[in-house]
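Novice: Questions regarding the structure given below will be posed in turn.
None of the figures in this text is laboratory data; all of them are computed from the coordinates on show. Fair warning: this is a prediction, and the values are worked out from it, not measured in the lab. Because the Cβ atoms are built from the backbone with ideal geometry, glycine has one as well, and the counts that use them run over all protein chains shown.
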Amino acid sequence: MSFCVVAAVAGCGGGGSGGPGVNSPTVHPIFTNEPQQIAAGQAFEAPFSLPVAATVSYTITNRSTTSPDHWTVSIIDSSELPFFENGQPYQSVSPVHDNVSTISDQGPLDAGDYVLALVCDNLIEDCQFSLDLSATF
């Protein structure tokens, strides 16, 4: 899913309480409670684009019914994707959270193309999780 669908509604809404022409920041959902399952040691990629600078927030919720799953997650610039996909060192634009289960984070990002990148750290079992990702601008 691309952020472009969300970006199309960015100009909607009234002037808000800030007066004519002044809009309050709005939360734009990118992924909402998106269930995922990936094999142990495999990667998951959630690409998105920001039309303007924004505060990006995400929550990854463990959905395992047997034991807590663990993953490493960060947000990377789309130009770093080939390095991530090949298991090579890559530059993250957000903190890298290593070997975590349910996690939430947020931070500012400039306009551009990004990927929420996640690797399942489990040794045997698949990682089962749901993803929420939004941008506020």
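Novice: Of the residues 113, 105, which is over 15 Å from residue 60 (Cα atoms) and either touching a Gly at 6+ places or on another chain (Cβ under 7 Å) or of a type outside the set (A, V, I, L, M) (or both)?
Specialist: That would be 113, the only listed residue that is over 15 Å from residue 60 (Cα atoms) and either touching a Gly at 6+ places or on another chain (Cβ under 7 Å) or of a type outside the set (A, V, I, L, M) (or both).
Novice: From the residues in region 91-122 that are in a loop (DSSP other than H, G, I, E, B) and of a type outside the set (Gly, Ala, Ser), which one is surrounded by the most Cβ atoms within 10 Å (Cβ to Cβ)?
Specialist: First, the residues of region 91-122 that are in a loop (DSSP other than H, G, I, E, B): 91, 93-96, 101-102, 110-111, 121-122.
Subsequent filtering for residues that are of a type outside the set (Gly, Ala, Ser) retains 91, 93, 95-96, 102, 110, 121-122.
On the way: 91: 11, 93: 17, 95: 11, 96: 13, 102: 13, 110: 11, 121: 17, 122: 21.
Ranking the candidates gives 122 first.
Novice: Here's a follow-up. Does region 68-90 contain any residue that is within 14 Å of the chain's Cα centre (by Cα) and part of a loop (DSSP other than H, G, I, E, B)?
Specialist: no
Novice: For residue 125, work out the one condition from (1) within 20 Å of residue 30 (Cβ to Cβ); (2) surrounded by fewer than 19 Cβ atoms within 10 Å (Cβ to Cβ); (3) touching a residue at least 60 places away in the same chain (Cβ under 8 Å) it doesn't fulfil.
Specialist: In the conditions (1) within 20 Å of residue 30 (Cβ to Cβ); (2) surrounded by fewer than 19 Cβ atoms within 10 Å (Cβ to Cβ); (3) touching a residue at least 60 places away in the same chain (Cβ under 8 Å), residue 125 misses (1) alone.
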